[in-house]
Structures are given as structure tokens and as C-alpha cells.
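In what follows, a single structure is set out as C-alpha cells and then discussed.
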Amino acid sequence: MRIIQSYWSKPIVKMSNWSHFEYHFLTWILSCLRLKKFYPDVSLVTDGIGKRILIDILKLPYNNVSVILNDIQYVNPKIWTYGKLYTYNIQDSSFLHIDGDVIIGRRLPFMNEDLVAQHLELNFMHNKKFFFLLRDKGYILPFGNISKDSSVGEVNAGILGGSDINFFHDYVSIAMKFISDNITRIDNISSSNELAAFNTILEQHIFFMQALRMHKKISVLLPEGHVDDSYVQLANFRQGIYSDYIHPVGYLKSNPLFGEKISELLFKEYPQIFDLFLRNKNRIYKELDFSSRYNINSPLIELFKRNLLKQQSSINIIRFLRETALSSYKVDFMELKFKINPYIKVYKSEAVNQWNMLIPSILSTPEELIIIRINLGILGQFLFSIIQRFKGHSFYMAEIIKLSNKSSEENNKKIIAALRQFIYMHAFVRV
């Protein structure tokens with residue numbers, strides 16, 4: 001099967017869910033390079049802007065590049081799946097389309113199956129909510145109405161493809177009719193929830209229902225039960241070189257920790273292209289008529305940044321960030337000595353009753369120290385108390401466990417899990 005990625009530049013800026021737009025490109029770069037690691041031939045379907053960014057500036061090693069998506073610049077970018085649908089429809093032989101936020105760790109187990117998807121979503125509550133949101137707003141639905149008690153089946157299109165090309169032509173034809181039947185409603189969409197609902201039903205529900213109608217088997221990468229409605233199983237960065245398959249969908253992108261982990265992984269594997277992006281990101285943003293979305297006006301972040309730069313130069317901080325990203329623990333972390341990361345701030349936002357951590361990003365350059373804010377959730381108070389106790393001192397994890405008032409095997413497991421999370425987010429660094 002031919003491996004294809006598609007990049008339609010028109011909706012990218014407004015429709016990106018990433019907390020920081022840099023993560024969008026760094027994830028795409030790693031996605032492409034991992035595909036090339038396991039497949040000799042990877043093609044890109046894009047438009048002129050996409051070609052200038054991905055090929056001319058970033059030099060990504062696609063074997064074939066088409067700018068046929070120039071033909072759809074008239075389409076409303078709210079229909080952000082349109083570029084993918086157009087790409088599916090122009091295929092004339094078996095293919096696998098891989099989204100730009102999918103990162104593989106091994107060759108995919110497909111040969112020449114009729115239909116392929118990442119996984120099936122047979123009873124995901126948010127899909128049902130999306131379906132009835134559109135119904136209640138008066139959308140003309142592609143396969144008619146269903147009862148409130150029914151489930152809404154979909155595929156996840158992180159991977160989508162197959163050898164039944166006629167099926168894809170029929171599927172895209174139904175999707176296009178769904179668009180034309182509701183074009184006025186689409187033009188008037190104002191909420192992100194409705195926009196997500198429309199695009200999800202458009203691409204994933206129609207594919208699932210058409211396969212069901214035609215009695216076609218959908219081969220999947222991930223078996224039923226492997227992924228639940230939270231999708232957190234698709235962003236497991238702790239197995240091996242992280243994971244054999246990463247796909248941070250939807251709301252997961254709003255957590256900067258996932259973007260940082262992907263960026264660190266790219267830095268570890270391909271440091272030269274990581275730096276190539278950082279050197280050229282302003283040039284890329286100019287192509288997209290876009291400026292960075294960092295919250296540079298946050299007084300707390302600005303004060304934290306100024307205080308850091310009084311302690312150390314940006315070059316020394318960046319060196320520290322990169323050395324930390326390259327750290328690996330080949331032995332049990334309980335045997336290692338750690339210290340509190342000197343470049344973090346943990347605080348509680350009383351306005352929203354939320355614990356946060358400020359930390360410099362791996363995206364930082366000597367010209368721009370970038371700070372990200374990570375929501376610590378229920379672990380915030382615990383981390384704050386550890387910092388109060390061990391700031392300025394090195395420690396073993398066993399010392400923290402001994403401080404607990406509740407000594408039991410179950411409680412110790414919870415503490416160890418929390419400590420592992422603190423290492424993962426670089427709140428603790430190795431001495």
C-alpha cells in the first residue's frame with residue numbers, strides 16, 4: 001500500500017488544537033520522518049503554501065509531492081477535513097493515508113486490505129453527543145435519524161485507506177452531498193463544538209456507516225477496547241522509545257506536556273531538523289500570515305521569565321533543557337539521586353483553584369525564552385510540599401516515600417506513580 005499524507009494549509013492556523021502552534025509542525029516533521037524510517041516511499045498531497053513550508057523550507061524527504069489541493073482554495077476552511085476527503089477521492093490504487101499527528105514506531109501490519117482505519121469507535125459518548133447536536137440544529141444527516149438509545153458508530157481516521165477504491169469514491173460522494181445539503185449551516189457555525197461535530201460526522205461516521213451498509217470489513221490497527229473515549233492510550237510516551245503508536249487527538253493537543261514530549265523526541269532523533277525548524281519558524285509563519293499564540297502578556301509568566309534570566313543566561317537555560325531532554329534512565333529511578341528543577345515555579349491559582357507549573361520549553365531559543373504552563377491537577381499540592389522540603393538539596397525517591405503518614409503497599413504505589421510523573425514532566429532532574 002502506498003503511504004500518503006495530506007496538508008491543506010488553508011484551515012491550519014484557525015483549526016489547530018495545539019496549545020502552541022510550534023507543536024503542530026514539530027509533530028508533522030516527526031510523523032513524516034518516522035514514516036520514512038519504515039517505508040521507502042511516502043507521498044505528500046498539499047497546496048502551494050504547504051509545499052513551500054514542508055518541502056522548500058523544512059526539506060522533508062517525501063518522494064512525491066502534488067499541489068493539487070490548490071484546486072480547493074475556494075472551500076470554506078471550517079470544513080477542515082475537506083483536504084483529506086479530496087485526497088482520498090483522487091487515489092487510483094491501494095493506499096494508507098496517515099495524519100500528520102500520527103507517529104509510528106514500527107511498520108504498520110497492513111498488506112492489501114479492502115478498508116483500513118486506526119480503530120473503531122462503537123460506543124463513544126462524545127460521538128453520540130456530536131450526532132445529536134447536529135440533529136438538534138437541523139442538519140440534514142447523511143443516513144437519516146436514529147433513536148436516542150442507539151449508539152453512533154465511527155472509525156478513527158488517524159489511519160484511513162484500503163484497496164477498494166470504488167468504496168472511497170462512493171464514500172466521498174456521500175460526504176460531499178452532506179456538505180452541500182448543509183452549506184448554509186456550515187457557513188454559520190460559530191462554536192468549536194459544532195465545528196468538531198460536523199467534521200467528525202463528515203469523515204468518520206460516514207465512512208463507518210457506508211462500510212456497514214455495503215457489508216465491508218474494516219481492518220484496524222488497534223483492537224476494540226484498546227482505546228476508550230478519553231484517547232489517553234494514544235499518547236503514552238513512557239513505553240520504550242515512548243510508544244509504537246502515538247496519536248494525540250483533539251483535546252489532548254491542548255495539554256502542552258504532550259507537545260513538549262513530541263518535541264523532545266524529535267530533538268533526540270533528529271536534532272538538526274529540530275533546529276532547522278526553530279531557525280525558520282518566523283519564515284513559516286509569514287507563509288501562513290500568522291503570529292505566535294504564546295500568552296506573552298501574562299504578568300505571571302513575564303515575571304517568572306525575567307527572574308529566570310536574572311539567574312542564568314538564556315543559552316545556559318537552553319543547554320540545561322536539552323541535556324534534560326536527552327536524559328534516559330536505564331536503571332530503576334528509585335536508585336537514582338535527583339534534585340528539584342531550578343527553572344520551575346509551582347503555584348496555586350486561587351481564582352480557579354488550580355495548581356500549575358511554569359517551566360521553560362524545549363522550543364526556547366537564545367532570542368526567545370518560551371514558558372509553558374502545565375496543569376498539575378491533584379498532584380499539585382504534593383509537588384509543592386516536596387519542593388518546600390527538598391529545594392536546594394538532592395534526594396532519593398525513598399526519602400519522599402518515608403515522609404508519608406500512610407505507610408501501605410497501595411499508598412506507596414500511588415506515591416511512586418506520582419514521582420514518576422514528576423520526572424516525566426521534568427519537575428525533578430537527575431543529579
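State, to one decimal in nm, how far the label point of L288 lies from the label point of D228, with both points 7 Å from Cα in the Cβ direction.
Reported label-point gap for L288 and D228 is 3.3 nm.
Convert 25 °C to kelvin, take the viscosity as 0.890 mPa s, use the Kirkwood radius over C-alpha pairs of region 297-431 as Rh, and evaluate the Stokes-Einstein diffusion coefficient in µm²/s, rounded to a whole number.
Details: Rh = 15.9 Å.
In µm²/s, the coefficient is 154.
Once fully extended, how much extra length lies between I401 and K413, figured as 0.36 nm per residue of separation less the alpha-carbon to alpha-carbon distance?
Answer, rounded to one decimal: 3.3 nm.
Return S404, S150, S190, S314 ranked ascending by Cβ neighbour count within 10 Å, so the fewest neighbours appear first. Write down the numbers at each step before the final one.
Working: S404 13, S150 10, S190 7, S314 17.
With the sparsest Cβ surroundings first, the list reads S190, S150, S404, S314.
In nm, to one decimal, how far is the Q388 label point from the I174 one, both placed 7 Å along Cα→Cβ?
Simple spin-label model gives 5.9 nm for this pair.
Using 1/(1 + (r/R0)^6) with R0 = 22 angstrom and r between the beta carbons of N63 and M111, what's the FRET efficiency to the nearest 0.05?
On the way: r = 20 Å, r/R0 = 0.92.
After rounding to 0.05, the efficiency reads 0.60.
To the nearest 10 degrees, how steep is helix 299-311 against the longest Cα principal axis of the chain, on a 0 to 90 scale?
Once rounded, the angle reads 50 degrees.
Please work out the C-alpha center-to-center distance from region 378-427 to region 134-189 and express it in whole Å.
48 Å
Normalising by the residue count of the chain, find the relative contact order in percent from Cα pairs under 8 Å and 6+ residues apart. Can you show the working numbers first?
On the way: 612 pairs, mean separation 69.9, N = 431.
That works out to 16 percent.
If you rank Y343, Y270 by fewest surrounding Cβ atoms within 10 Å, what's the result?
Values: Y343 21, Y270 16.
Listing Y343, Y270 from fewest to most nearby Cβ atoms yields Y270, Y343.
What value, in deg cm²/dmol to 500, does the helix sum -39500 (n - 2.57) over DSSP H runs of n ≥ 4 give at 222 nm once divided by the residues of the chain? Each step should come with its number before you reach the end.
Values: 16 runs with 175 residues, N = 431.
Taking each H run of at least 4 residues, the total per residue is -12500 deg cm²/dmol.
Taking neighbour counts of Cβ atoms within 10 Å as a proxy for exposure, in what order, fewest first, do V116, V352, V220 appear?
V352, V220, V116
Quick one: helix 314-326 against the long Cα principal axis of the chain, what's the angle to the nearest 10°, folded into 0 to 90?
So the helix axis and the longest Cα principal axis differ by about 70 degrees.
In region 2-233, if the dipole is taken from +1 on Lys/Arg beta carbons and -1 on Asp/Glu beta carbons about the Cα centre, which of I57, S9, N70 is farthest to the positive end?
I57
Ignoring solvent entirely, what values of log10 I(q)/I(0) come out of the Debye formula for region 2-233 at 0.08, 0.16, 0.17 Å⁻¹ when each Cα is a single scatterer?
Log-scaled intensity ratios, in q order: -0.28, -1.25, -1.42.
Taken together, the values in this text are just the output of simple stated rules run on the coordinates, not laboratory data. All figures in this text were calculated on a predicted structure; none of them were measured in a lab. So basically every Cβ, Gly included, is an ideal-geometry build from the backbone, and we count neighbours across all protein chains shown.
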